[in-house]
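The values are calculated or read from the model by the stated rules, or taken from the named source; none is laboratory data. Only a predicted model underlies this, so the values are computations on that prediction, with no experimental measurement involved. Here the Cβ positions follow ideal geometry from the backbone for every residue, glycine too, while neighbour counts run over all protein chains shown. The area values use the complete protein model at the heavy-atom level, side chains included, leaving out ligands, DNA and RNA. Shrake-Rupley method; radii C 1.70, N 1.55, O 1.52, S 1.80 Å.
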Amino acid sequence: MWQAIYDDYQNKDFIVIAIAMDNDIEAARPWIEEAAPTYPVMIDRYHQLADLYNMVNVPQAVWINEDGRIVRPTENAGAFEGFRALNFETMTVPEEVSATVQSSKATYVAAIRDWAEKGEDSVHVFSPNDALAHMDKPDDNIAKAHVLFRLGLYLRQISKNEEADALLKQASELHPHSWSIWRQAADTLDNGLAAGPAFWQRVNELGESHYYKPVDMEGMPTEGPPKG
Amino acid sequence: MATVLTESGPVEVSAGPGLVGELWLARPDTEKVSDWTMKPEGLCKGDICMPVPTDRTDEFVRDDRVNLAAFWQRMNKPLAHSADGDVWVLGEDAEDRTAGLTSLDAPDFALPDLDGKLHSLSDYRGKKVLLATWASW
């Protein structure tokens, strides 16, 4: 998704750093080798970035300027939750929902290009006050959840499964908005996706709440989640 | 031995005898698993020091060892350990994380690529950085 932008703007002091939030490096490897990006891809086995930047899902993004300052804090990287309108018989989503998914992504990519080109003059760069206003801050439960999550992932690796599962469950209960915590801990299907019946049930329980929080950016969809 | 899961990965340290829930480290070892150093004035990070409570000294320091877990609890920072007390996570509290973010200075980190080579965010100072997450799941 980012390679074309990187190709066009790498000479403009712009770089993409992709972070795989994957406890199992081998699960991430084929995706990286297939895409073979020329920008750096790092593996965040313990979701350290989620703890540092208060992230709750993928894909999320942070825009950081040449001085290491945050000009757009953690936000959904242009994803629209079109999958919520999936028809399980035809395995398709309605055309208009699919169009919104595409336009949402395109709007976000165009904004990044604008920033890569214009830097601080881009309309998408927040003032410090706006950056703070758009920032979700962690609370004590979230801080505790990250600690339990990290311990749970490690104990799972050393096959203390029962203890690990209890910690991962507790982490998710303390930080229910984090889909990363829930999905990393969940059972996966044969295709590697944590998208079994338990996932769909949890998505359905969202009701009118968003799976991907809308991005505050002109041209982004503002409607509620699509219905299946 | 105890394993402490630090931000740069698991670190093995020798842990002295104690109850489950205590983490008795040799004084120099606190630096291997945290940003905190034992000094005469207490456990310190930069200019900030957490003194040893005078009425409960034995819970915090003993001979040449420090119960890092007691300090962590005293500082209201989140921590967790395995039931057998062999694996530990000493986390950062919400207030510190929030301060890191609201400073708007992007918190630095170092993570490996597929070949195990470490990259830090600060390696890319001087460039606009799009930090973008994804996952296989």
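See the values below:
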{"item": "Among the candidates A:Glu173, A:Glu163, residue that is touching a helix residue (DSSP H, G or I) at 6+ places or on another chain (Cβ under 7 Å) and modelled with pLDDT of 95 or more", "result": "A:Glu163"}
{"item": "Among (1) without any contact (Cβ under 8 Å) to a residue 12 or more places away in the chain; (2) open to solvent by 30 Å² or more (accessible area, probe 1.4 Å); (3) under 20 Å from B:Asp123 (Cβ atoms) - the single one A:Gln102 does not satisfy", "result": "(3)"}
{"item": "Residues (open to solvent by 30 Å² or more (accessible area, probe 1.4 Å), of a type outside the set (Asp, Glu) and part of a helix (DSSP H, G or I)) located in the stretch A:126-153", "result": "A:Pro128, A:Asn129, A:Leu132, A:Ala133, A:Asn141, A:Lys144"}
{"item": "Number of the exception - A:Lys118 against (1) closer than 20 Å to A:Glu218 by Cβ; (2) open to solvent by less than 20 Å² (accessible area, probe 1.4 Å); (3) of a type outside the set (S, T, N, Q); (4) free of Cβ contacts under 8 Å to residues at least 24 places away in the same chain", "result": "(2)"}
{"item": "Subset of the stretch B:93-137 (residues that are aliphatic (A, V, I, L, M) and surrounded by fewer than 18 Cβ atoms within 10 Å (Cβ to Cβ))", "result": "B:Ala99, B:Ala110, B:Leu114, B:Leu118"}
{"item": "Test: residue in the stretch A:70-83 that is open to solvent by 20 Å² or more (accessible area, probe 1.4 Å), at the interface with another protein chain (Cβ under 7 Å from one of its Cβ atoms) and not aliphatic (A, V, I, L, M)", "result": "no"}
{"item": "Restricting the stretch A:174-196 to residues that are more than 9 Å from every other protein chain (Cβ to nearest Cβ) and touching a residue at least 24 places away in the same chain (Cβ under 8 Å), the residue that is most open to solvent (accessible area, probe 1.4 Å)", "result": "A:His177"}
{"item": "Residue match in the stretch B:25-44 (condition: open to solvent by less than 70 Å² (accessible area, probe 1.4 Å) and either aromatic (Phe, Trp, Tyr) or within 7 Å of another protein chain (Cβ to nearest Cβ) (or both))", "result": "yes"}
{"item": "A:Pro59 vs. criteria out of contact with any helix residue (DSSP H, G or I) (no Cβ under 9 Å at 6 or more places or on another chain), at pLDDT 95 or above and of a type outside the set (Gly, Ala, Ser)", "result": "yes"}
{"item": "Residues located in the stretch B:81-137, provided they are on the phi > 0 side of the Ramachandran plot and either out of contact with any Gly (no Cβ under 8 Å at 6 or more places or on another chain) or at the interface with chain A (Cβ under 8 Å from one of its Cβ atoms) (or both)", "result": "B:Leu104, B:Gly116, B:Gly126"}
{"item": "Residue pairs meeting the criteria (Cβ under 8 Å; at least 6 apart or on separate chains; first at the interface with chain B (Cβ under 8 Å from one of its Cβ atoms), in the stretch A:31-42; second among the charged types (D, E, K, R))", "result": "A:Pro40/B:Asp113; A:Val41/B:Asp113; A:Met42/B:Asp113"}
{"item": "A:Ile112, sole failed condition from (1) open to solvent by 50 Å² or more (accessible area, probe 1.4 Å); (2) in contact with a helix residue (DSSP H, G or I) (Cβ under 7 Å, 6 or more places away or on another chain); (3) over 22 Å from B:Asp96 (Cα atoms)", "result": "(1)"}
{"item": "Filter result for A:Glu34 (charged (D, E, K, R) and surrounded by fewer than 18 Cβ atoms within 10 Å (Cβ to Cβ))", "result": "yes"}
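A quick yes/no check of all residues on (1) at pLDDT 95 or above; (2) in a strand (DSSP E or B):
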residue	(1), (2)
B:Glu31	yes, no
B:Cys44	yes, yes
B:Arg56	no, no
B:Val66	yes, yes
B:Ala69	yes, no
B:Ala80	yes, yes
B:Ala83	yes, no
B:Pro107	yes, no
B:Ala132	yes, yes
